[in-house]
Amino acid sequence: MRNSPIIFNHSIIRKPGFILLILLVLMNCGETKKENLDPHNVVGLLLNVGLSSQKCRNYPKSQSSTYIATAGSNTTTSTGSIICTWKADTISGQCTESIASGSQLPTNFTGFYNSVADFVEEAYQIRNFKLKTDYSSPTVVSNTFTYDSQRRLLTDVNTNGGKASITYTEWDSGGRPTKGVYQDGTCNPTALTNAFDLPSVSNTVNLLFAGGAGVTALGGVCPSSTISIKIVNQYDENFVIKSKTTTVSSSGTPLSNSQNSYKTLETGSVCY
């Protein structure tokens, strides 16, 4: 399973079949007091810039990346770079990936927000989404997000002809989604859970597809056995994403494993 490293993206709904189940790299930001910080879901955000009258989000303008995937006895490695910019005129983050070596396909991504404040505030908790829509290419995928009156994420819906969607049903005290239902419109719904671990700074996402349920597998056939997908995001001491590991298992037997590693080379800042 390939993991896209694009930093402004949050959606699980990203590719056809099992490749839909991609959580793109997470972004982080910080407040002036480090103990109040939570990492978030876009690559490599550093601690805040320390402005007393403003709230800011630092994001990686440039990163290097390494992708290693193992399936059975086969292992592939790709290396690349990611360039991201904040577009004030369209209130959006745009990222372009280039692959230096290996077979991984590059991905471009744009995430749109209703306001600059939404973009900044979103980074103060892991997966505290405030995106309006997002879009990726060359595999064209777009998603729309809806929220309740408390600004908690309710749904993440594919809007470019796909049928995949996530409906969240439970949240923690900080408003982060902890449980939900994944539905692709073809097979039966499957359970999704999010777990957050601080101060060790990790985020684990589990998707369990019982036999005959879940997303459409290769060839348009629903899984006939229990399929489990586990995604673990790890952050460093500065709340910057440093790795993302995805493991796919069938009835307890590992099928594939992939890991993305990131190094921030340059950062930018957005404040309000």
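With respect to the cross-link table entries LYS61/LYS263; LYS61/LYS242; LYS179/LYS242; LYS61/LYS87, which display a Cα-Cα separation exceeding 18 Å? Pairs exceeding 18 Å: LYS179/LYS242.
Computed from label points 7 Å out along Cα-Cβ, the spacing between SER243 and GLN54 is 3.6 nm. Alpha carbon centre of region 250-267 versus region 97-118: separation in Å? Between the Cα centres of region 250-267 and region 97-118 lies a distance of 17 Å. Ranked by how many other Cβ atoms sit within 10 Å of their own Cβ, fewest first, the residues CYS84, CYS56, CYS95, CYS271 fall in the order CYS271, CYS56, CYS84, CYS95. As a calculated quantity, the FRET efficiency between GLU266 and SER115 at R0 = 30 Å, using C-beta atoms, amounts to about 0.75.
Here each label is just a point 7 Å from Cα along the line to Cβ, and for LYS230 and SER202 those points are 0.9 nm apart.
For ASN74 and THR169, the FRET efficiency from 1/(1 + (r/R0)^6), where r spans their Cβ atoms and R0 equals 30 Å, is about 0.20.
A short reminder: the numbers here are calculations on the coordinates, not readings from a lab. The structure displayed is predicted, hence computed values, not measured ones. All Cβ positions, even for glycine, are placed from backbone atoms using ideal geometry, and neighbour counts span all protein chains on display.
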